[in-house]
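Below you'll find the structure, written out as structure tokens, and then a few comments.
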Amino acid sequence: MIHVGCFLSSSQKLSPVFYAEAERLGERLAQAGFAIVYGGASVGAMGRLADAALKEGGRVVGVIPDYDFALDIDHRGLSEMHKVCSLHERKAKMFDLSQAFVVFPGGVGTLDEFTEVLALTQVGQNKKPVILYNFLNFWDPLLEVLQLFEAQHMAGENLSDCFQVYDRLDLVIDSLQQQL
């Protein structure tokens, strides 16, 4: 089974539109036969993604740091859970378990996960597909910054070749199916 790493928020203060779309992402990935690897939380967009995929009979693998266990936000109904010591270990474990990555709108943690995979891709240490899901144009400011990096020769000329950007869920799923 192909595992897709999903980077997204555990915030419980998002607009309902983001929760609904995270649910759709979980449903569609499960319906397409993909397993999900994510941050292991039961709350926020993370929890909604996992719950929706599980409801569809999908396989969901969580990777969660110790301190999130202490906060009691770990999802207890997953197919598999990996407990790690730090965010750094979580990113490494998620990278190892995943054959592709989807970056959903999120905060600093999501941005950190995306930029690490992006940097690994740019230096040739990642050949796995990376998809930035630009739902409601959320990532437009980041895309402008990345274009500036390229224009100023701060990130190399191939930065934009290291990931794909889609603003519709059907295109995200289609791209995963074509590449994997």
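Below are the figures for this structure:
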item: Approximate spin-label separation Leu136-Glu150, in nm, with each point projected 7 Å along Cα-to-Cβ; result: 2.7 nm
item: Qualifying lysines (Cα of each under 18 Å from Cα of Lys127; at least 8 residues distant if same chain); result: Lys91, Lys93
item: Among Asp167, Asp51, Asp140: highest mean-square fluctuation, GNM of the chain, C-alpha pairs under 10 Å; result: Asp140
item: Sparse-neighbour loop sites [trypsin sites (Lys or Arg not before Pro); the range 6-114; at most 16 other C-beta within 10 Å; DSSP]; result: Lys13, Arg76
item: GNM flexibility winner over the chain from Ala32, Ala20, Ala151 (Cα, springs under 10 Å); result: Ala151
item: Nonlocal amide H pairs with Gly40, under 5 Å, H built at 1.01 Å; result: Val63
item: Listed candidates (1) 46, 34, 32; (2) 52, 34, 28; (3) 45, 37, 28 - label of the one calculated as Cα extents along the principal axes in Å; result: (1)
item: Qualifying GluC sites (Glu not before Pro) for the range 71-176 [loop in DSSP, other Cβ within 10 Å: at most 14]; result: Glu157
item: Mean residue ellipticity (222 nm) of the chain, computed from DSSP H runs ≥ 4 via -39,500 (n - 2.57), nearest 500; result: -14000 deg cm²/dmol
item: Fewest-first sequence of Leu8, Leu136, Leu142 by Cβ atoms within 10 Å of each Cβ; result: Leu136, Leu142, Leu8
item: With Cα atoms, 0 to 90° folded angle of helix 108-122 axis to the chain main axis; result: 50 degrees
item: Rounded to 10°, Cα long-axis angle of helix 87-97 versus longest principal axis of the chain; result: 90 degrees
item: On Cα atoms only, tilt of 140-151 relative to the major axis of the chain in degrees; result: 40 degrees
item: Choice from Val145, Val60, Val37 with maximal GNM fluctuation in the chain (Cα, 10 Å cutoff); result: Val145
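Read-outs: derived from the displayed coordinates by stated rules, not from any lab. Everything numeric in this text was worked out from a predicted model, so none of it was measured. FYI the Cβ positions are ideal-geometry reconstructions off the backbone, even for glycines, and counts take in every protein chain you see.
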